[in-house]
């Protein structure tokens, strides 16, 4: 049983009331999904991370400009933390080949707008500029990218460049990832509202502070216009990596993420993957409103207290696995007075094979005031 945090006054041991609705599902095999041109591919649900399709999803290979998902995410997080500072562009920042947002030495532009240049125009210059401004060197920024990748569980990824251009670090290790790891990265990045706003925009107006001007960039991601519900995420190409693409689409509250590496027909691959995914899953409301319990109370005239649950959030699940969800209700063995109506006294949790899907509070449905003590003999005699 998982550890529970206890309030001092309600320190009774939690009695886990387990209402079992089943067991977890296993990821669906790639054979049951569509044929794709990609060397590596994966598709998963954004909320639970359940894998719906995979093809060599853990094979390490270059991932081109899909790298910029990490660079843009770190840039936006710092932008929000630092008040979106303005960056003065240097010659070192723009001395990079490949796709560009057209930065020139002496330009001044904010971190958020650099992130826009990465996600829409796939600007290598924007990625370099942000990396050098934030960490002082490409190598130091790559270290930061790799640290964040480790935090996200991207076990088969190694970043060398912020742009996604091929490279080798001082230890001779190259720039590579996997389809699965890039899907994990997109899952995290899409939680950032500004990242999602930018990557889902078909075009975006970028403001320059020097020279004062506005440039509207068009998103390279054709799926934004081709696929219903598409919300991003990032394209990529180098000769070594081939065509790389990470996409996401949302319908009826279900958000799916697909990633392909070295896919000659990536647009068709992703539309087929997403169509398949939406045919396999549906939104499922975690049920908790039916939970009603009576819990003993110590120190109150009220001998027991009515406690109740609420529904959890909505998660995306394969249709055939909804009946196999496990619900656990953690209720206290007893409560210490006073307790007020609405106080959180326990928790409901929903699991899929040990993986937490969501949780919701168990609350007191009524109050249990502290019992007033009867006055002693001295107080009754002297009236105090």
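What follows is calculated from the coordinates using simple rules that are stated; it is not laboratory data. Since the structure is predicted, the reported quantities are computational estimates derived from the model, not experimental observations. Every residue, glycine among them, receives a Cβ derived from its backbone with ideal geometry; neighbour counts consider all protein chains shown.
Quick one: in the range 68-83, of everything that is buried (at least 16 other Cβ atoms within 10 Å of the Cβ) and over 17 Å from the mean Cα position of the chain (by Cα), which residue is nearest to residue 211 (Cα to Cα)? Working first, answer last.
To start, the set of residues in the range 68-83 that are buried (at least 16 other Cβ atoms within 10 Å of the Cβ) comprises 68-79.
Among the residues that remain, those that are also over 17 Å from the mean Cα position of the chain (by Cα) are: 78-79.
On the way: 78: 24, 79: 21 Å.
Per the criteria, the residue is 79.
Taking residue 246 and the conditions (1) under 22 Å from the mean Cα position of the chain (by Cα); (2) free of Cβ contacts under 8 Å to residues at least 24 places away in the same chain, which numbered condition does it fall short on, given that it satisfies the others? Evaluating residue 246 over (1) under 22 Å from the mean Cα position of the chain (by Cα); (2) free of Cβ contacts under 8 Å to residues at least 24 places away in the same chain leaves (2) as the failure.
Results for (1) crowded, with 17+ Cβ neighbours inside 10 Å; (2) touching a strand residue (DSSP E or B) at 6+ places or on another chain (Cβ under 7 Å), shown as yes or no for each residue.
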| site | (1), (2) |
| --- | --- |
| 216 | no, yes |
| 219 | yes, yes |
| 226 | no, no |
| 230 | yes, yes |
| 236 | yes, yes |
| 313 | no, yes |
